[in-house]
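In what follows, a single structure is set out as structure tokens and then discussed.
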Amino acid sequence: MAERWRNWGRNQECRPVAVERPASVLEVVEALGRARSAGQAVKVVGGGHSFTDAACTDGRMLSLEHLDRVVDVDQGANTVTVEAGMSIRTLNQELAARGLALQNLGDIDRQSVAGAIATGTHGTGAAFGALPTFVEGMELVTASGEVLSCSATEEPEVLHCARVGLGALGVVTKVTLRCVPAFNLHHVEQPRRLHDVLAELDDQVAANDYFEFYWLPHTDSCATIANNRTDRPIEEKSSYKRWRAEVFFPNVFFGAVVAAGRVSKTRIPKLAETVAKNLGRTELINTSHRIFISTRLIRFVEMEYSIPRDRAAEAVLAIRDLIDDEDLLVSFPIEVRFVAADDVPLSMANGRDACFVAIHMARGVAYEAYFRGVERIMTGLGGRPHWGKMHFQTAADLAPRYPEWERFQACRARLDPDGRFANPYLDRVLGSA
Ligand SMILES: Cc1cc2nc3c(=O)[nH]c(=O)nc-3n(C[C@H](O)[C@H](O)[C@H](O)COP(=O)(O)OP(=O)(O)OC[C@H]3O[C@@H](n4cnc5c(N)ncnc54)[C@H](O)[C@@H]3O)c2cc1C
């Protein structure tokens, strides 16, 4: 019987004919050769943290978990080259040991480097791009087994497109990332009223290095998070205070509230008020990746849309109206983040400064009416769905939203003419190869 594979959100599963764990580029080439001989599709899986079926296959699955070493560090240029299966968590530790850091990060570190980059993973910060914008080079094994080194001077077109490659262009085996000297962040999280946050939004986004907020549906309560660079040293909280802020409140307390809402849905609005009353102010200083990364113990499913930044307030208010008008019961916050425009063809922030609006639902709870309703709103605002999060769009919907769509498709046609890396997700969002 084939090994069953499931993603973190437990909303996707598949049974690949084989799962291989190559430990060298040569073994990747050999695995692709076996797939070609058997006429099988190939899919690389990273940390399995996408909510879509991006990593699913009934062909051969390749996990690069044994390709997880540092290959080279250029201290002068502040770049690091790592094998693509390395986790973001290990990357952060390896960089910290060398006095380096990534300029920005998402909110967890369990993804693989290549998997996070492949779907355009981002954090928040008006002046900073998503993770793919830190990529200076890549090594990629194509469907024919050719090993391509890509940089600004070698195969620049492949590098241009493969930064957000959705696993469609080849197996990424190494990545060179632009880093910055390690830095500390001053973190301030505080409760605010939704109306006030929206009124001051542009100023707050501009005034803070890394700003985001979340709003609790059924309430008027938000929490804002402002992280700013500081030269001040780390101020460690007591381990109890840290556990309370990082583990107890967002996971144990909030988990109990979500569980109570699951048992009795109609109590969700009251429970949301309870969460709102318990939102407190947290202030700390720590090294950047310790601030960016949080612990996620409750499983959920998520949809996230990128919209033009100046539509942020309108989007949040429209979601509030949707929840009210359709009597939806939502126990998870709406998260709002900001990312700088970039030139990556399939990046959700391509060509425009972006606001990312994320919605969640507890695992196992019906989500479709809510997610489809929010998708309608986001589509009306020129939204682009996160490639790693749930959405219902097809290639026909998406093509007009990406100015460099055809450029990416030309690259795909060159590197994978027979659709060796295709799967039902890519067939839906990119069309058949
Ligand atoms: C709890 C949680 C929190 C999250 N937080 C954020 C966040 O803050 N910001 C954000 O933007 N996203 C976030 N995400 C989404 C997540 O970052 C993306 O879905 C990311 O792609 C997951 O990386 P992964 O290594 O798990 O990749 P997988 O989900 O395993 O794979 C994703 C895609 O990458 C491809 N791929 C993986 N490795 C390779 C390779 N070596 N070569 C070619 N293709 C490859 C796969 O084939 C697949 O198409 C979060 C997800 C979860 C579950």
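Read-outs: derived from the displayed coordinates by stated rules, not from any lab. Worth saying up front: this structure is predicted, and the values here are computed from it rather than measured. Every residue, glycine as well, gets a Cβ built from its backbone with ideal geometry; the counts of neighbours run over all protein chains shown.
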Could you please rank 160, 66, 360, placing first whichever residue has the fewest other Cβ atoms within 10 Å of its Cβ? 66, 160, 360
Segment 304-433: projected area of the alpha-carbon convex hull, averaged over directions, in nm²: 8.3
Any lysines whose Cα falls less than 27 Å from that of residue 237, other than same-chain ones fewer than 8 residues away, would be 277
For segment 5-63, state what percent of all Cα-Cα pairs lands in each successive 5 Å bin, counting from 0 Å until the bin that includes the largest distance. 4, 21, 29, 22, 14, 8, 2
Can you order the peptides 225-236, 176-187 by their average number of other Cβ atoms within 10 Å per residue, highest first? 176-187, 225-236
Give me the extension gain from residue 96 to residue 294: residue separation times 0.36 nm, minus the current Cα-Cα distance, reported in nm with one decimal. 69.6 nm
Ranked 43, 277, criterion: other C-beta atoms within 10 Å, fewest first: 277, 43
Given the rule -39500 (n - 2.57) for each run of at least 4 DSSP H residues, summed and divided by the residues of the chain, what is its mean residue ellipticity at 222 nm, to the nearest 500 deg cm²/dmol? -8500 deg cm²/dmol
Relative to 2.2 N^0.38 Å, what does the C-alpha radius of gyration of the chain come to as a ratio? Two decimals please. 0.96
What is the ratio of the Cα radius of gyration of segment 232-275 to 2.2 N^0.38 Å, with N the residue count, to two decimals? 1.55
Put one equal scatterer on each alpha carbon of segment 184-385, apply the Debye formula with no solvent term, and list log10 I(q)/I(0) at q = 0.12, 0.17 1/Å to two decimals. -0.63, -1.28
Using only the alpha carbons, work out the radius of gyration and Dmax of segment 61-101 in angstrom. 10.8, 38
All-pairs alpha carbon distance profile, segment 70-181, 5 Å steps from 0, percent: 2, 13, 24, 27, 19, 11, 3, 1, 0
Can you give me the angle between helix 405-415 and the longest principal axis of the chain, using Cα atoms only, in degrees from 0 to 90, rounded to the nearest 10? 40
For the chain, Cys with no neighbouring Cys Cβ under 4.7 Å: 150, 179, 222, 355
